[in-house]
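Asks: Before I ask anything, here is the structure I am working with.
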Amino acid sequence: MIEGIILAVGAGLMLGLYALPEKYTKDFKFENTWGLFFMLTMFVVPIIASITLVNDFSTVFDSVPTDILIKMAGASFLWGIGVMMWGKAINHIGLSLGFSLFIGTVILVGSILPFLVEGLPPTNIFITILIGITVVLIGVLFNGKAGLTREADEVKKDIGTKKSMVTGILIAVVGGLLATGFSYANAVGRPYIHEAFQAAGNAEWVTAVGVMFPIFISGGIVMTAYFAWQLTTKNAWGDFKTPNFGKNFWLILIMAVFHYAASAIFAFAAFKLGEIGNTVGYAIFNTSCVATAIVSGIVTGEWLNASAKAKKFLYISLACMILGIVIIAIGNGIS
């Protein structure tokens, strides 16, 4: 159990930090950076990792039932749509509220979703995990409150932006619901892929690479298509022609590797956490990611000019998330 929790927390740390290199890219528009990122992390990195690490990759998926792969692909496609909707929600209601609503929905629904695939655990375990998830969600709410308070401190709110608030909230929540397709795809596909990979003589941890392959390829179709459209609409293709392209490419490749590795490590952590590992691992993984992003923001000075009130909400948020992880881990220990 301890190994699984450490892996889940480590995966969350990686996911919370993977975007840091983006701060050092030059001459790229937003669409250039993230369009290249999604191409690398959703296609190039998974394909290279799978071909390099998986024994008999060309035939191992033949033993996985077709209906399982279709379910994984469909859920992953929805995950891709959800991630894109999150970006749209931020345009309507801002980063703090958009992030909190999105990630709150992801943690709540994505953590419960595996139970629909695997069945409910004993009542005491189920209640303990629900309490932990609830504490985490309280932390997410405080994180949103902290962000909104900071924004109010830094920018005197323009009342005119409120007209799209309801639309933005709906987009964030629906996007979060769709993004839980990642959790469902992992839960429904991992047992079959694990069996196939073990039969082919692969190490246990390589199963995580196999699980991520159909998830990333399917989700990547949506993400790369969206950014290709954005690059075209905003005439940004020409911005790839810059003397800083080489440096930018390597920075974005580092982002892509960290993002992919974080997801693969989560999948292995879920396996190590046992019967309810998909729920426990997913909750710890996403909560650790948010907590890491909070600490990263503090360290990099994002909250330097925030008011004491905003910082208080932020610290309460962080404390709740850490406490929630501990409670969820206790629930897994009971199992």
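The values are calculated or read from the model by the stated rules, or taken from the named source; none is laboratory data. Only a predicted model underlies this, so the values are computations on that prediction, with no experimental measurement involved. Quick reminder, even Gly has a Cβ in these numbers, built from the backbone with ideal geometry, and neighbours come from all protein chains shown. Note: accessible area is taken over every heavy atom of the protein model, side chains too, but ligands, DNA and RNA are not part of it. Shrake-Rupley method; radii C 1.70, N 1.55, O 1.52, S 1.80 Å.
Asks: So which of GLY219, GLY176 ends up being modelled with pLDDT of 90 or more and open to solvent by less than 40 Å² (accessible area, probe 1.4 Å)?
Replies: Details: GLY176 fails: modelled with pLDDT of 90 or more.
That would be GLY219, the only listed residue that is modelled with pLDDT of 90 or more and open to solvent by less than 40 Å² (accessible area, probe 1.4 Å).
Asks: Could you list, in sequence order, all residues of the stretch 272-307 that are farther than 19 Å from GLY139 by Cβ and open to solvent by 60 Å² or more (accessible area, probe 1.4 Å)?
Replies: Matches in the stretch 272-307: LYS272, GLU275, THR300, LEU304, ASN305.
Asks: Follow-up. What number of residues in the stretch 296-321 are closer than 14 Å to LYS145 by Cα and assigned to a helix (DSSP H, G or I)?
Replies: Here is the first cut: in the stretch 296-321, the ones closer than 14 Å to LYS145 by Cα are 303, 306-318, 320.
Narrowing further to those that are assigned to a helix (DSSP H, G or I): 308-318, 320.
Counting residues in the stretch 296-321 that are closer than 14 Å to LYS145 by Cα and assigned to a helix (DSSP H, G or I) gives 12.
Asks: May I ask you to list the residues in the stretch 203-257 that are within 27 Å of LYS272 (Cα to Cα) and in a loop (DSSP other than H, G, I, E, B)?
Replies: Answer for the stretch 203-257, where residues must be within 27 Å of LYS272 (Cα to Cα) and in a loop (DSSP other than H, G, I, E, B): ALA203, GLU204, TRP205.
Asks: Which of the residues belonging to the stretch 259-271 are among the aromatic types (Phe, Trp, Tyr), within 24 Å of GLY139 (Cβ to Cβ) and open to solvent by 10 Å² or more (accessible area, probe 1.4 Å)?
Replies: Just the residues of the stretch 259-271 that are among the aromatic types (Phe, Trp, Tyr), to begin with: 260, 266, 268, 271.
Remaining after also requiring within 24 Å of GLY139 (Cβ to Cβ): 266.
Listed by number, the list is empty, since nothing qualifies.
Asks: Please go through the stretch 61-71 and pick out each residue that is touching a residue at least 40 places away in the same chain (Cβ under 8 Å), under 27 Å from the mean Cα position of the chain (by Cα) and farther than 12 Å from ALA185 by Cα.
Replies: PHE61, VAL64, PRO65
Asks: Does GLY181 satisfy being out of contact with any His (no Cβ under 8 Å at 6 or more places or on another chain), closer than 29 Å to LYS311 by Cα and at pLDDT 85 or above? Steps first, please.
Replies: Numbers: out of contact with any His (no Cβ under 8 Å at 6 or more places or on another chain): yes; closer than 29 Å to LYS311 by Cα: no; at pLDDT 85 or above: yes.
When the stated conditions are applied, GLY181 does not pass them.
Asks: What pairs come out if I take residues in the stretch 30-58 that are free of Cβ contacts under 8 Å to residues at least 40 places away in the same chain and pair them with residues that are among the small types (Gly, Ala, Ser) and in a helix (DSSP H, G or I) whose C-beta lies under 8 Å away, six or more apart or interchain?
Replies: PHE57/SER50
Asks: If you check every pair at least six apart or on different chains, which have Cβ atoms under 7 Å apart with a residue in the stretch 99-128 that is over 21 Å from PHE271 (Cβ atoms) first and a residue that is open to solvent by less than 20 Å² (accessible area, probe 1.4 Å) and not in a helix (DSSP H, G or I) second?
Replies: VAL109/THR180
Asks: Identify the single condition in (1) over 25 Å from PHE258 (Cα atoms); (2) in contact (Cβ under 8 Å) with a residue 24 or more places away in the chain; (3) surrounded by fewer than 16 Cβ atoms within 10 Å (Cβ to Cβ) that GLY74 does not satisfy, given that it satisfies every other one.
Replies: It fails just one condition, (1).
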